[in-house]
Amino acid sequence: MLKLLVFLPLLGALLSGIFPKFIGKKGAMYIPTILCGISFIFSIILLHNAILGESYVINLATWINSGYFQINWALKLDMLSSVMLFVVMLVSTLVHLYSIGYMDRDPHQARFFSYLSLFTFAMLMLVTSNNFIQLFFGWEGVGLCSYLLIGFWFKKQSANAAAIKAFLVNRVGDLGLILGICLIYFKFNSLDYNTVFESVTLIKDNSFSLLNIEIPIIELCCFLLFIGAMGKSAQIILHTWLADAMEGPTPVSALIHAATMVTAGVFLVARCSPIFEYAPYALGFVTIVGALTSIFAAYVAITQNDIKKIIAYSTCSQLGYMFFACGVSAYSAGMFHLMTHAFFKALLFLGAGSVIHALSDEQDIRKMGGLYKALPYTCVGMWIGSLALAGLPPFAGFFSKDIILEAAWASHTIIGGFAFYIGLLAALLTAFYSWKILFMVFHGKSRGDISSAHESPLTILIPLTILSIGAIFSGWLGKPMIDTHHDFWHGTILILDNHEALKNAHHAPIWVKISPIIVALIGIFIAWVLYIKRLNFTQFLCERFSFLYRCSLNKLWFDEVYEYLICQPLKKCGDILWKKGDIGVIDRFGPDGIVNVCRKIAMRIKSIQTGYVYHYAFAMFIGLIAIFSWQFLLLFGWV
Amino acid sequence: MTNWPILSLMVFIPLFGAFIISLIDGEEKNIVKNSKMVTLWTSMVVFILSIFLWATFPTDPGFHFIEEVNIFSSVGISYRLGVDGISMLFVVLSAFLVPICILSSWKSIKIRVKEYMILFLILESLMIGTFSALDLLLFYIFFEALLIPMFFIIGIWGGPRKVYAAFKFFLYTLAGSVLFLLAIILMAYHSGTFDIRELLSHNFSYQLQLILWPALFISFAVKTPMWPFHTWLPDAHVEAPTAGSVILAGVLLKVGGYGFIRFSIPMLPNASEYFSGFVFVLGVIAVIYASLVALMQTDMKKLIAYSSVAHMGYVIIGLFTFQQEGIDGAIIQMLSHGVVSAALFLCIGVLYDRQHSRLISDYGGVVEKMPKFSLIFMIFLLASIGLPGTSGFVGEVLVLIAAYKVNGYLALFTGLGMILGAAYMLWLYKRVIFGKVTNDKVTLLKDLDYREVCIFIPLIIGVFWIGLYPESFSIEFRDDVASLISNLDLVISINNN
């Protein structure tokens, strides 16, 4: 069943990718969707089995075999992978369904569905892998599909640029990941999860020295793996691609850039918890990066005007929460938030997509307003999603965000405390920008032409409804995930005994527990004041704090700095190496130089060959004299 | 095992075919048609023989299918052929690419078709001879003779600067081979034989190795090509006809790498170890330098040519790690590059046949007119980037892993090529395939016809086969590489004590 689950989406991708004419336009949309639906049903059954304690590995075939480097194609089912399978298949199926309605006007549906299914397959390979190399296969595979889907509208220059940017920034992360994998192989002589995780304790004291500082190998290992996670999960420094990735069709943003692919980094850290647990500094780094991303992205989100970009930055910020949960050893809280986030963020994106669809591809929230009448269902869905995102009870986000913040507080470390307060502040901003969207899109006066706006077709509304139900109940249903008395994860997540953040989190004082709700309410209130009550006050604030405003609006100039410091110099470098290095030096002194020297010498010699008999006779005469004189000198013994 | 001389057959059948073609006479139209058909069928027969060779190949290490005819027994020169797991795969690769080349030049070669076909068959015979020669002198003859048909192919059917390119190509490679000849004479003088099998077990003194190694190195480095001996490659590729580029990138570049595996490393182990640091530096420079230069190219063929330099940098780094993973990876990388770069040149050839331009700026928005072509181009481009699942990844990851064992920084710098490679390839793809149509000529483009699809399908199969199940290749050479490494470790450890 696991095999079928993984390979059905591939079948769908191949069918609609290679034989679009054969299966027809309708077929190219419905066949992948139905196959994904079947996979989804399987994933429910497998999740059920895994909760009952089932776990196994199916070996499919040998892949790479060289020395100790023995890699198999294998599918692994355990608690961690089955939860991911469930989330991926659920969102993927809904997005397939949604796209049938959303892409109805596009001429390239077959290609689109083929990419979607291929993505699903790659993601499934990623989560069910039994070794690091297959994980990398899925990792790059989802990156590829992300590239293809962001650049789906290939006529748009900006979409192409965004696609390349996404791929390249991810590649930077992937380099870190593959180096981390190399290091693991170098130390353990194996890349199988089980073998590696079992022998971590053997090498935990190994270290190497760099600039006279002793660095434990395992810290470096985790650090490199985490760089990979940073790339894929758009953490600060490597985050720049995610906002640009919104150039792709909206269902793609929901599936790839909110619910599944970007969470692969969190999954990686959770999967590797048996290694990360022995690397306290790396964990600290994870916490700091997560916390900084959560606040940075929320800060940038508040001034953006593109509805999808706001949600994209929000995703970035929520991923930051998941990471700092992992950083304080509350991996299960991170995974829990991953699941609830998949529901409500996919809901928000699909809702936003519904709005965009209704307004004929308008994305600027300044041109919307008062849409609740025209789009009642979408409006309700967005409200539910925003309530869940802001972490208000009893919606899903409340349970997961709460436990993350409590765990951060309960870790009783400076970094944990830092993450807690940063997280609170980010929660305030989160509530603020969420309601900014709601107020500017659905309420107030309309600021653009919305007369043609209409509620979306059923294929769009059904996924919205299902996700809304998920966004309401998944937090409550998923609570066993973070129950410390009962091991929900069946040992797939390791937490050392002295890392008690999650256990202590349940005993956090009451103010820690309710402060997220309070800050969220404050955020909503501010948004209400600024965007409903007193619009001119917003203008005043922007001018009063113009520096902060511009920082946020320009995303702290990350893109410009990278362009100036990395892209331009590299291009210049390439140009210099080519024109000065290859042509100017190697060719000039190499082949061309030798040819020139030969030619010059030949010219000199040529000028001696005059063709006049008396010149040659003269030369012969001189030669004869020289030889005879030499002979004479020898004869008389004067030499 | 069979008793009939399969390797000699593979060497001589193309020559025989060339001879037949030279006899063809009559009307111009018939000459062209018949010579094409004869060439195609000859190369197909050789390819079938190579498949047979592969299928019946025993897995135990060492040379098989040995044929020996004494010529000058007094000085130890003989006609000796034989292949081990490593060279067998290169023989198959050569035999695989030639029919594809013939098909790809079916329409694009319009002048002197008969001579072109004759040269291609001679080239095939020489390539197979190079990889299966077991006699040092015989190897040298094949190795150098390869230059001649290639020289003519570039010089006669090439582009506007074909004479410059042909001479540059010839001079570079000839300069290397002069030193190689001296090294061969010296090696034979000290060991008393030209038999490669005996030379492999002969221990040259340390001083002698240090003299021999640079001579061999320059010769192979020019062929590979390694930085800074690479500048002939872009010119040769740009001017060569498509099929010429395919053979050049697909097979001739592998001769250099093959030379390192067959001669430099096993015969001169101590010197190889001594110089390995130097080779790593050149390899890393090749990877980064060539990638950066590739980024800025305006000519598609030049871009692919520089990417070849970068990929061969990986190969050389892998070989000189002296690890099982590294050498396995390098061999797979060579096979993969043989398929992928050949395919990329064919892709550019497809565009060139239609538009007669290789400039990136003349294209844009091609996907609208040529969706099939765009998909195929994407597959090969991803293989070149080294996406897992395609052939490029297997070699790259093995080389990286082996490099890590040697030195973490080596792996880091080698890995930078991964990012840069993605950058120049995707940028190329974006400018050629995506975007709006800016050039009116692009609107007239036609998608691939039946013949062209037939050319690409075997290459696509190759890409995924190597990428998803490299075991069927690596099983052939694993034990050969293992015994090579164990000998190497032994010799080096004796010397260090």
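Checked against (1) more than 9 Å from chain A (Cβ to nearest Cβ); (2) in a helix (DSSP H, G or I); (3) under 16 Å from B:VAL481 (Cβ atoms); (4) hydrophobic (A, V, I, L, M, F, W, C), B:LEU398 meets all criteria but (1). For the stretch B:168-205, filtering for residues that are within 14 Å of chain A (Cβ to nearest Cβ) and within 21 Å of B:ILE71 (Cβ to Cβ) leaves 0.
If only residues of the stretch A:189-232 that are at pLDDT 85 or above and over 25 Å from A:GLY491 (Cα atoms) are counted, the one that is surrounded by the fewest Cβ atoms within 10 Å (Cβ to Cβ) is A:PRO216.
If you filter the stretch B:66-114 down to residues that are open to solvent by less than 10 Å² (accessible area, probe 1.4 Å) and part of a strand (DSSP E or B), you find that the one that is nearest to B:ILE185 (Cα to Cα) is B:SER78.
State whether one or more residues within the stretch B:423-443 are under 22 Å from B:ALA330 (Cβ atoms) and of a type in the set (A, V, I, L, M). Checked against the condition, which is being under 22 Å from B:ALA330 (Cβ atoms) and of a type in the set (A, V, I, L, M), the stretch B:423-443 yields at least one hit. With respect to A:GLY381, determine if the residue is touching a Pro at 6+ places or on another chain (Cβ under 9 Å), assigned to a helix (DSSP H, G or I) and crowded, with 17+ Cβ neighbours inside 10 Å. No; evaluated as a whole, the condition is false for this residue. When each of B:VAL442, B:VAL437, B:VAL463, B:VAL453 is tested for being touching a strand residue (DSSP E or B) at 6+ places or on another chain (Cβ under 7 Å) and either open to solvent by 20 Å² or more (accessible area, probe 1.4 Å) or over 18 Å from B:GLY326 (Cβ atoms) (or both), the lone residue that passes is B:VAL463.
Within the stretch B:379-395, being hydrophobic (A, V, I, L, M, F, W, C) and within 10 Å of chain A (Cβ to nearest Cβ) holds for B:LEU382, B:ILE385, B:LEU387, B:PHE393, B:VAL394.
Applying the condition of being within 10 Å of chain B (Cβ to nearest Cβ) and aromatic (Phe, Trp, Tyr) to the stretch A:43-75 and asking which residue is farthest from the chain's Cα centre (by Cα) yields A:TYR68. Just for helices (runs of 4 or more DSSP H) wholly inside the stretch A:541-639: which have at least 2 residues that are touching a Ser or Thr at 6+ places or on another chain (Cβ under 7 Å) and open to solvent by less than 100 Å² (accessible area, probe 1.4 Å)? By residue number, A:546-553, A:558-562. Determine if the stretch B:18-37 includes at least one residue that is open to solvent by less than 70 Å² (accessible area, probe 1.4 Å) and under 24 Å from B:ARG197 (Cβ atoms). No, the conditions are met nowhere in the stretch B:18-37. The residues of the stretch A:493-515 that are in a loop (DSSP other than H, G, I, E, B), in contact (Cβ under 8 Å) with a residue 24 or more places away in the chain and either within 12 Å of A:VAL328 (Cβ to Cβ) or open to solvent by 20 Å² or more (accessible area, probe 1.4 Å) (or both), listed by number, are A:ILE493, A:LEU494, A:ILE495, A:LEU496, A:HIS499, A:GLU500, A:HIS506, A:HIS507. Of everything in the stretch A:148-166 that is open to solvent by less than 10 Å² (accessible area, probe 1.4 Å) and not in a loop (DSSP other than H, G, I, E, B), the residue that is nearest to the other protein chains (Cβ to nearest Cβ) is A:ASN160. What are the residues in the stretch B:401-413 that are facing chain A (nearest Cβ under 8 Å) and of a type in the set (Ser, Thr, Tyr), if any? Residue satisfying the conditions is B:TYR404 alone. State whether one or more residues within the stretch A:172-187 are within 25 Å of the chain's Cα centre (by Cα), open to solvent by 50 Å² or more (accessible area, probe 1.4 Å) and in contact (Cβ under 8 Å) with a residue 24 or more places away in the chain. Checking the stretch A:172-187: at least one residue is within 25 Å of the chain's Cα centre (by Cα), open to solvent by 50 Å² or more (accessible area, probe 1.4 Å) and in contact (Cβ under 8 Å) with a residue 24 or more places away in the chain. Scoring A:ALA374 on the criteria (1) assigned to a helix (DSSP H, G or I); (2) at pLDDT below 90 leaves a single failure, condition (1). The residue that is most open to solvent (accessible area, probe 1.4 Å), among those in the stretch A:341-371 that are assigned to a helix (DSSP H, G or I) and more than 27 Å from A:VAL88 (Cβ to Cβ), is A:ARG366.
Taken together, the criteria exclude B:SER483 from residues that are within 14 Å of chain A (Cβ to nearest Cβ) and either under 22 Å from the mean Cα position of the chain (by Cα) or at pLDDT 90 or above (or both). Summed over the stretch B:279-326, residues that are within 16 Å of the chain's Cα centre (by Cα), within 13 Å of chain A (Cβ to nearest Cβ) and of a type in the set (A, V, I, L, M, F, W, C) total 3.
Here is the figure for the stretch A:220-270: residues that are touching a Cys at 6+ places or on another chain (Cβ under 9 Å) and in a loop (DSSP other than H, G, I, E, B) total 5. Of all residues being closer than 21 Å to A:LYS21 by Cα and within 11 Å of chain A (Cβ to nearest Cβ) in the stretch B:354-378, which is modelled with the highest pLDDT? Just the residue, please. Selected residue: B:MET378. Hey, can you tell me all the residues within the stretch A:115-135 that are over 13 Å from A:MET261 (Cα atoms) and either facing another protein chain (nearest Cβ under 10 Å) or not in a helix (DSSP H, G or I) (or both)? Correct list: A:SER129, A:ASN130, A:ASN131, A:ILE133, A:GLN134. Scan the stretch B:192-220 for residues that are out of contact with any Leu (no Cβ under 8 Å at 6 or more places or on another chain) and buried (at least 19 other Cβ atoms within 10 Å of the Cβ) and report the count. Qualifying residue count for the region: 2. When A:PHE589 is tested against the conditions (1) within 30 Å of B:TYR164 (Cβ to Cβ); (2) within 34 Å of the chain's Cα centre (by Cα), the lone failure is (2).
Among the candidates B:PRO234, B:PRO241, the residue that is touching a residue at least 24 places away in the same chain (Cβ under 8 Å) and either within 14 Å of another protein chain (Cβ to nearest Cβ) or of a type in the set (Lys, Arg) (or both) is uniquely B:PRO234.
The values are calculated or read from the model by the stated rules, or taken from the named source; none is laboratory data. All figures in this text were calculated on a predicted structure; none of them were measured in a lab. A quick note on method: Cβ atoms are made from the backbone with ideal geometry, for glycine too, and the neighbour counts reach across all protein chains shown. Surface accessibility is based on the protein's heavy atoms, side chains included, excluding ligands, DNA and RNA. Shrake-Rupley method; radii C 1.70, N 1.55, O 1.52, S 1.80 Å.
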